[in-house]
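Right, one structure below, let's go through it.
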2 protein chains.
Amino acid sequence: MSPKPMVRPGGRSARVQESVHATVRALVGEVGRDALTVPMVAARAGVTPSTIYRRWGDLQELLSDVAVERLRPEADPADLGSLRADLDAWAEQFVDEMASPPGRAYIRDALLGDPDGTNAGRCSAYAAEQIDVVLARAVQRGEPVPETELLIDRVVAPIMYRILFRPGRLDAAYARELVTNAVCAQQAEAGAHPTRAAAPRRSKKKPDN
Amino acid sequence: MSPKPMVRPGGRSARVQESVHATVRALVGEVGRDALTVPMVAARAGVTPSTIYRRWGDLQELLSDVAVERLRPEADPADLGSLRADLDAWAEQFVDEMASPPGRAYIRDALLGDPDGTNAGRCSAYAAEQIDVVLARAVQRGEPVPETELLIDRVVAPIMYRILFRPGRLDAAYARELVTNAVCAQQAEAGAHPTRAAAPRRSKKKPDN
DNA sequence: TCCTAGAAGCAACAAAATCGCATTAAGGTG
DNA sequence: CACCTTAATGCGATTTTGTTGCTTCTAGGA
């Protein structure tokens, strides 16, 4: 059967959506996020304010949509030959992107204008997909791999917690440390019983500033 | 030369602040958060809207202030006789409070109107203080204790990540599992290099509750 | 080609946020 | 205690933003 006409993904609606999104991206760079207003975006995008209010509700939901787009990864993680190397590289890049001032702003925006948690769930899915790609490659190589959930709990969650709640305590070395702990936990788990109990070998906690 | 008349913590300002906070708490219960408006709060609190706009900027920052107040723990965690029991109980209560619909709403509000991250940092500090109380008691008992940072990374961060990004995948069993993994990690670390073992005064017995 | 319904435009209206200025009252000073 | 300074509030005019009913347009299907 042909696609249902529930929503209209193409034609004018799509053009309006793209124009508004592009305008938001441009204006955020020009006048800053705080100075943005719906009428301003509407005027620049060649649209009436009521269109934006009806489609997005308010400025926060619009910013949330734009932020999720920007948070979507553009490419698969690099293949460096081993699980450990891939995870290290991915975690470092993740921290670089997410902990940067614009990254933090996007994360905040994505969470804020998101009453039902849809956009937040999408962000989390992006990270999970990237991790799954790395893990699938490791499986191909015959390496033992941890579960995606473990990596989300041990690597992604601490990074995001710091970004949201403790600005400043975050760098590449910390990201590598998290990966080390997670991988060690997985190895211990493989060697021991198949529960999720974990016993990392090393854990040097050196809180910086 | 008068070094400190920077702000006015007492007198009318304090009364206004308390009145506005109380009004917000009352109105959130009556009409719901979404129906709240600054003029509505101002009228009920016996204050002019411009006062609120000048002191808090906008409704989001006001809600953030109120949310942080509500997120502050009222009492120290219960003393159940052992580190493991205390952590289990605390983590379960933490999940109960934070993952409940009102808890999620407060967390969102606290993060929402918080441009400089002050309120977010305060939330994180609350959890750290509670954990520190539990750890200090364990040290008194002579138990080996993990570092606060480890517990934040392994227990608090995954819980908050799920609350914010993956609504629904959260319960008491998961909280206990996180505590188990964190405590096991700490024990493995202590076995590897015994660094910070507090001088055990006397090993108290471990009552069941 | 015609039909239908979702989406956008338009304009009047309602509500909010902002700003200048007058007034009040904390907190320090002599 | 009287007085002074000034942050904080009150008040009203003004600007800006958000809402709503209705019309017009157009993508997608018959």
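The values are calculated or read from the model by the stated rules, or taken from the named source; none is laboratory data. Since the structure is predicted, the reported quantities are computational estimates derived from the model, not experimental observations. Note: ideal-geometry Cβ built from the backbone for every residue, glycine included; neighbour counts use all protein chains shown. The accessibility values were calculated without ligands, DNA or RNA, using every heavy atom of the protein model including side chains. Shrake-Rupley method; radii C 1.70, N 1.55, O 1.52, S 1.80 Å.
Which whole number gives the average, over all residues in A:113-122, of C-beta atoms from other chains lying within 10 Å of the residue C-beta?
On the way: counts 1, 2, 2, 1, 8, 1, 1, 6, 4, 1.
Mean partner shielding for this stretch: 3.
Please give the average number of partner chain Cβ atoms lying within 10 Å of the Cβ of each residue in A:164-174, rounded to a whole number. Walk me through the numbers before you get to the answer.
Working: counts 11, 16, 9, 6, 2, 2, 0, 0, 0, 0, 1.
Mean partner-chain Cβ count within 10 Å for A:164-174: 4.
Rank these by accessible area, largest first, 1.4 Å probe: B:Asp34, A:Asp132. Spell out each step's value before the answer.
Details: B:Asp34 150, A:Asp132 70 Å².
The ranking, largest first, comes out as B:Asp34, A:Asp132.
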task = Please work out how much length the chain gains when fully extended from A:Arg44 to A:Ala125, using 0.36 nm per residue of separation minus the C-alpha to C-alpha distance, in nm with one decimal.
result = 25.9 nm
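With a 1.4 Å probe and all protein chains in place, put A:Met98, B:Met40 in order of accessible area, largest first.
Numbers: A:Met98 25, B:Met40 65 Å².
The most accessible residue leads, giving B:Met40, A:Met98.
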Given charges at Cβ of Lys, Arg, Asp, Glu: the stretch A:1-125 dipole, positive-most of A:Gly121, A:Pro39, A:Phe94 = A:Pro39
key: Inter-chain Cβ neighbour average for residues A:151-160, partner chain, 10 Å   = 6
remark   = For the stretch B:12-57, using Cα atoms only, the Rg and Dmax in Å read 9.8, 29
Rounded to the nearest 10 Å², the accessible area of B:Asp96 at probe 1.4 Å = 100
